[in-house]
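Note sheet for the following structure.
The values are calculated or read from the model by the stated rules, or taken from the named source; none is laboratory data. None of these values were measured; they are calculated from a predicted model. In this analysis, Cβ positions are derived from the backbone assuming ideal geometry, glycine residues included, and neighbour counts consider all displayed protein chains. Surface areas here come from the heavy atoms of the whole protein model, side chains and all, with no ligands, DNA or RNA. Shrake-Rupley method; radii C 1.70, N 1.55, O 1.52, S 1.80 Å.
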Amino acid sequence: MEILRSLLFMLGEMSPYILLGFLIAGLLHEFVSQRMMTRHLSGNGAGAVVKAAMIGVPLPLCSCGVLPTAVAMRRGGASRAASTSFLISTPQTGVDSIAATWSLLGPAFAVVRPIAALATALFGGMAVGRWGAQDEGVTGDAVCAVPDEPDNRKRFGARVVDALRYGFVDLVGSIGGWLVAGLVIAAVITVYVPDDFFAALGDRPVFAMMAVLVVAVPMYVCATGSIPIAMSLMLKGLSPGTALVLLMAGPAANFASYTLIAREVGHRSAMIYVASIVLGSMAFGLAIDYLLPGEWWVLPGGAHGACHGEEMSWVSMASAAVLAVLLLVALVKRMNHKHLKITDMTKTYVIKGMNCPHCQAAVTKSIAGVKGVSEVTVNLSSGVATVNGEHDEKEVVNAVRAAGFDVD
């Protein structure tokens, strides 16, 4: 019962901010043209790197969702340095996670988190521009069109509807599972981990940060889903700087995406990408623990309420109910995926690198455009794409790679 109470309280505290973030994210997606972004990122100088980092900070894309976007931008003319900068800044934060960070961790975290994402993106992009120019192993030979721009000919009302659909349907489906997983993990830590469990690590933040990196870098967690985990670890004694390391490294760096990044920008550039996130997160974490006032990082009262059973406001309860319904609808849609009828012309492909419905939709759309493909379904959990029709297997492989993923 205690774990359920903790889970519901954290959901209630985050829900109003998350719903606001989804709304803003939908408006950005519908009214901001990606082709325009690509035009601004085509240069090789510092200007393109700065623009890429600043564009990436507010976008609500997770580390897997950002890959097809960055690949399309790269093949649409964006430089390697700008693409890397975008890959670093985008998954670390977004309008939705900034709002949720404020709700659970307070305003200082909400401000420092995007600043840290911007700084590490600038460092990584500049480093790739300086040392990754002669990178080996970059294929980059497939042609990929920049994703379609929003249709400006649609009426304003129709575009608003599309924005709401993206924010409250597509985006919820994309990060909903990771958000629920983060809340569950946080609730388990809050209820079952003793209050002094991490007390020994509290006096050794560097060691604690390295331990968090060992766990955070290989795994996948979205920017919003990492927030309740960071909060629960702080409640159990870990330092604010260590919590920031989790908030930065968890969403931005996971080895499942490393090979795809290496293919597009090269192995040397991909190593710089990971190193920038690791070193940047530790630098900002140490600055928080040793240079900035400690009172800035005191958790807001609502966060402590998760442990002390405080009552939620009616706004929190209503927002939690709305978000719960959206998550349930996304789960039902994901479970009721279409099954193709198997014929003599059916072929299957194992797709690598998909982590969310955004990835699934990108792969499905790309394969569906191959000549001769009559029907396609992509199973996100197994990674298997089932394709019907007389088609060239090489064209399907190229289509998957053009979308930013790979085929086993």
Find the residue count for segment 241-279, including only residues that are small (Gly, Ala, Ser), modelled with pLDDT of 85 or more and under 15 Å from the mean Cα position of the chain (by Cα).
1
Unique match (being at pLDDT 80 or above and buried (at least 24 other Cβ atoms within 10 Å of the Cβ)) among Gly56, Gly47, Gly12:
Gly56
Counting only residues that are at pLDDT 85 or above and among the hydroxyl-bearing types (Ser, Thr, Tyr), how many does segment 104-142 have?
1
Can you report the number of residues in segment 353-408 which are small (Gly, Ala, Ser), in contact with a Phe, Trp or Tyr (Cβ under 9 Å, 6 or more places away or on another chain) and open to solvent by 10 Å² or more (accessible area, probe 1.4 Å)?
3
Of those in segment 317-326 that are open to solvent by less than 70 Å² (accessible area, probe 1.4 Å) and within 12 Å of Leu11 (Cα to Cα), the residue farthest from the chain's Cα centre (by Cα) is Ala318
